[in-house]
1. Sort 152-165, 40-53, 123-136 for me by packing, meaning the mean count of neighbouring Cβ atoms within 10 Å per residue, highest on top.
2. Would you kindly derive the ³J(HN,Hα) couplings of the stretch 199-209 from the backbone phi angles with the Karplus curve 6.51 cos²θ - 1.76 cosθ + 1.60 (θ = phi - 60°), listing them in order in whole Hz, with x for Gly and Pro?
3. What is the set of long-range amide H partners of V129 at a cut-off below 5 Å, with H atoms built 1.01 Å from backbone N?
4. Just to check I understand the Karplus step: with θ = phi - 60° and J = 6.51 cos²θ - 1.76 cosθ + 1.60, what whole-Hz values come out for the stretch 37-47, glycine and proline as x?
5. Going down the list K36/K232; K30/K108; K50/K231; K115/K213; K50/K232, which pairs span over 31 Å between their C-alpha atoms?
6. For the stretch 32-90, give the magnitude of the charge dipole about the Cα centre (Cβ charges: +1 Lys/Arg, -1 Asp/Glu; no others), in debye to the nearest 20.
7. Pop out the ³J(HN,Hα) list for the stretch 149-158 in order, Karplus 6.51 cos²θ - 1.76 cosθ + 1.60 with θ = phi - 60°, rounded to Hz; leave Gly and Pro as x.
Amino acid sequence: MSNREATMKRLTALFLAIAALASAQEQSVKPGINAKYLDPNMRVEEFTQKFETESREIFHQREKIITNVGLKPGMVMADIGAGTGLFTVPFSQAVGPTGKVYAVDIVKSFIEHIKARASKANVANVETVLCKERSVELPESSIDLAFICDVYHHFEYPQATLASLHKALKPGGEIVLIDFKRIPGESSDFVMGHVRAGQEVFEAEVSAAGFEKIAEVKDVLTENYFARFKKK
């Protein structure tokens, strides 16, 4: 190992140690944002009807979204906040039998629902992961891409969660971030009350966590933005 490689290794270790300390001390940015999902009486069927309806832009444009994510056979990706599994099975088909999809969610009922959905679709390359509030719980350098769709605003501890994603992504790995446009005077009352910040704030948080914005898809969504980031 050269002196430069050794120095870079030490700096990376230091960065990770600092990030871990900061993440452990991070305060919730929106307490209770996930309470309804963590309610023991939560019914997956109700959220399936809510999430998978043509009136929801993400559902209506799902095929275009999947195409623009740009998955290729053999890739390993994570569907972060997979929910009812709307994208999980199509992603598993896109990466093919040599690839893999981690379906990650904080809600155990959603995880069980996705397992059943994958089994019914007869796909064997989906692995479910019950994550934590501060961590996606994925192995280090295990994924090529993380897909975060209408989920980032549910990150109660974004700094910690992004740090865990940075660690899980391979060198040069990417994040696809889709979330609501929050524009005063334009966005709905629901978005203004539910989503804590707009695109500029969320993108700044992702960039500060060690990612670089590399692209934005402009012609697929109107109520949401669609950005790509690369791990530095």
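Every number here is computed from the coordinates shown, using simple stated rules; none is lab data. Since the model is a prediction, treat every value here as computed from it, not as a measurement. A quick note on method: Cβ atoms are made from the backbone with ideal geometry, for glycine too, and the neighbour counts reach across all protein chains shown.
1. Ranking, from highest mean packing down: 152-165, 123-136, 40-53.
2. 4, 4, 5, 5, 5, 5, 5, 5, 4, 5, 8
3. Correct list: A103, V104, D105.
4. Taking θ as phi minus 60°, the curve returns 7, 8, 5, x, 8, 4, 10, 4, 4, 5, 6 Hz for the stretch 37-47.
5. K36/K232; K50/K231; K115/K213; K50/K232
6. 160 debye
7. After applying 6.51 cos²θ - 1.76 cosθ + 1.60, I find 10, 6, 10, 4, 5, 9, 6, 6, 10, x Hz.
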